[in-house]
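Following: one structure in structure tokens, then a few remarks.
The values are calculated or read from the model by the stated rules, or taken from the named source; none is laboratory data. What you are looking at is a predicted structure, and each value in this text was computed from that prediction instead of being measured. Methodologically, a virtual Cβ is constructed for each residue, glycine included, from the backbone with ideal geometry; neighbour enumeration extends over all protein chains shown. To get the accessible areas, we keep the full protein, side chains included, count just its heavy atoms, and leave off ligands, DNA and RNA. Shrake-Rupley method; radii C 1.70, N 1.55, O 1.52, S 1.80 Å.
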Amino acid sequence: MNGRENDLTAIDDAVERALDWLSVVPTREVPSRLTPEEVIASLGDLSERGRPAPEVIDSLDEAVRPGLMASGSGRFFGWVMGATLPVAIGADWLVTAWDQNAGMRDSTPGVVGVEETAARWLLDLLGLPEDSAVGFTTGATMANFTGLAAARGAVLSRLGWDVETQGLIGAPPVRVLVGEERHGSIDLALRYLGLGRAETVRVDDQGRIDVADLASRLAEPSETRGGTIVCLQAGNIHSGAFDDFAGAVEAAHRHGAWVHVDGAFGLWAAVVPDLADLTAGLAGADSWATDAHKTLNTPYDCGISVVADAKAALAATSSHASYLLTSSRVDPHELVPEMSRRARGVPVWAALAYLGRDGVRNLVAGLVEAARGIADGISAIPGTTVLNDVVYTQVSATFGDRTGEVFGRIIEDGTIMPSASVWHGQPVIRFSVSSWRTGTEEVAQTVRAVRTAAEGADVLSPVS
Ligand SMILES: *Cc1c(COP(=O)(O)O)cnc(C)c1O
């Protein structure tokens, strides 16, 4: 192993290449032009003898670069992703260099202190109950899993059943009610938890749960009395719509149900006073899931799970729950499914410290403003219809039977990258504004790119 300290030069090399990538992201065309197979072919087979560390870094960057999506660009609107603030990248690099196992307080008081500070700031910022358990997960899928695991344990425990020791076989039934347009990660989390397929509740034209239908479903006499979990949504991926939390939480709690909210990108609306109508009643739920790697613009990967009843959270994910219920010391791994874990909360802390309350508010408000700008701009293009009420960061548009063709031209041009999707049975082009880099100039470029594609003119010249 002698000589490997010299490998530290590979880190300089990586930093230089990373900075170079970050300098081209704002102007580069957005889509990747390589397939994974082409990258695999260029990487070849494992050699007998290794190679010098800097050479490995160089060849990695060269092989991968053309196959990268410029998802940090202000002209990237695909899926729901989000860019990364430079300060969060810097903090994330420190996390890597420190190489701490952030699972336990004793193993790394430093990063645990930072993560617990980030957790406290988040609860305050998002207006959630201050005694809640906060876990930093890989993403909203696992944050949904964590909240729903607490929910499963709590509703069964009220019926005298300890799912953590008795399992699900022979347990009283658990009924889960979800809106027809919940995100697929809710179904995944329920599968992982052995709860199978949820019952769907009607939604309105924007994808919001129908509170009257929910209330009548909750009131149905169930032959075998069991526990009930209701999943609500803050931010529909197609419309950006928010469920009526005040009404739905009241109905659910009246029937003794636990309410979980998937707010992967929508929970952040709670920081903007102008959007208060969207999140009214949100804090009355029992658990919430969100992502930092989307709206907050921290690097992959980081989700956040919040459970108001900290004991229910610990009962679900702590490996020594009985000890913990009497202890005030909670180790970070007890709030998430993983044991050894990366200090994902550190870049969250850095983003919040850098932005301040005002900066987070402006970040989220800026995304909404850009989404409205895109919607207004493309609505004026003949043959284009924006299908959703643009209340948040999502815009879904149709170009009639030319939608697929228009999308193809947009991708070929490469100036912007929205998603092709299907909403209410209709093909749509969807814009999710999630990058701190999207400003008025990017909105204007986006509208121009869509107009050119919709008018079927020759493709634009690439941005650079
Ligand atoms: C992205 C998303 C998820 C899943 O989050 P991951 O971070 O990909 O695990 C869940 N719900 C909604 C509404 C989302 O947009």
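If R0 is 56 Å, the Cβ-Cβ spacing of V24 and L168 corresponds to a FRET efficiency of close to 0.65. Classify region 59-158 from the C-alpha gyration tensor, please: rounded if a/c falls under 1.5, else prolate or oblate depending on whether a/b exceeds b/c. In terms of gyration-tensor shape, prolate. The largest accessible area among V87, V80 belongs to the first residue in V87, V80, and the rest follow in falling order (1.4 Å probe, all chains). Other residues whose C-beta falls under 14 angstrom from the C-beta of G425 contribute a net charge of -4, scoring Lys and Arg +1 and Asp and Glu -1. The label-point distance for N362 and S107, in a model that sets each label 7 Å from Cα toward Cβ, rounds to 3.9 nm.
Of all DSSP bridge pairs formed entirely within region 228-298, close to 10 percent run antiparallel. Extension gain, E48-R225: 0.36 nm per intervening residue step, less the Cα-Cα distance, totals 57.4 nm. For region 338-464, the Kirkwood hydrodynamic radius from C-alpha pairs, put into Stokes-Einstein at 4 °C and a viscosity of 1.567 mPa s, yields a diffusion coefficient of 81 µm² per second. Put simply, the convex hull of the Cα atoms in the chain casts, on average, a shadow of 24.6 nm². Cβ under 12 Å from T317's Cβ, T317 left aside: what net charge do those residues give with Lys, Arg +1 and Asp, Glu -1? Around T317, the surrounding residues sum to -1. Choose one of P109, P66, I40: the residue whose Cα lies farthest towards the positive end of the charge dipole of region 39-138 (beta-carbon charges +1 Lys, Arg; -1 Asp, Glu; about the Cα centre). Of the options given, the answer is P66.
For region 16-156, a simple Cβ point-charge model (Lys and Arg +1, Asp and Glu -1, everything else neutral) yields a dipole of about 360 debye relative to the Cα centre. Placing +1 on the Cβ of every Lys and Arg and -1 on the Cβ of every Asp and Glu, with nothing else charged, gives region 240-372 a dipole about its Cα centre of roughly 400 debye.
A crude spin-label estimate for the pair L159 and A276, with each label 7 Å from Cα along the Cβ direction, gives 4.0 nm. For the pair I11 and T200, the difference between a 0.36 nm per residue extended length and the Cα-Cα distance amounts to 63.0 nm. Antiparallel beta bridges, as assigned by DSSP with both residues in the chain, represent about 55 percent of the total such bridges.
Look at the dipole of region 177-216 built from charges on Cβ: of A212, L188, V178, the Cα furthest out on the positive end belongs to L188.
Placing unit charges on each Cβ (+1 for Lys and Arg, -1 for Asp and Glu) gives the chain a dipole about its Cα centre, and among W268, L148, V450 the Cα reaching farthest toward its positive end belongs to L148.
Computed on protein heavy atoms with a 1.4 Å probe, the accessible areas place S32, S435, S379, S340 in the order S340, S379, S32, S435, largest first.
The charge dipole of the chain, taken about the Cα centre with unit charges on the Cβ atoms of Lys, Arg (+1) and Asp, Glu (-1), comes to about 640 debye, rounded to the nearest 20.
Modelled this way, with points 7 Å down the Cα-to-C-beta line, the labels at Y354 and W121 are 1.1 nm from one another.
Shape class of region 357-420 from the alpha-carbon gyration tensor: prolate, with a/c at 1.5 or above and a/b greater than b/c. Length gained on full extension, E37 to M69: 10.0 nm, using 0.36 nm per residue less the C-alpha separation.
Distance from the alpha carbon centroid of region 238-267 to that of region 333-378 works out to 21 angstrom.
All other residues whose Cβ lies under 12 angstrom from that of A119 are scored, Lys and Arg at +1 and Asp and Glu at -1, for a net of -3.
Accessible area per residue for the chain is 45 Å², calculated with a 1.4 Å probe on protein heavy atoms, without ligands, DNA or RNA. The alpha carbon gyration tensor of region 1-109 gives principal lengths a ≥ b ≥ c with a/c of 1.5 or higher and a/b no greater than b/c, which makes the shape oblate.
Counting only protein heavy atoms and a probe of 1.4 Å, the accessible surface of region 406-459 is 51% carbon and sulfur.
To the nearest 10, the accessible area of E412 is 120 Å² with a 1.4 Å probe.
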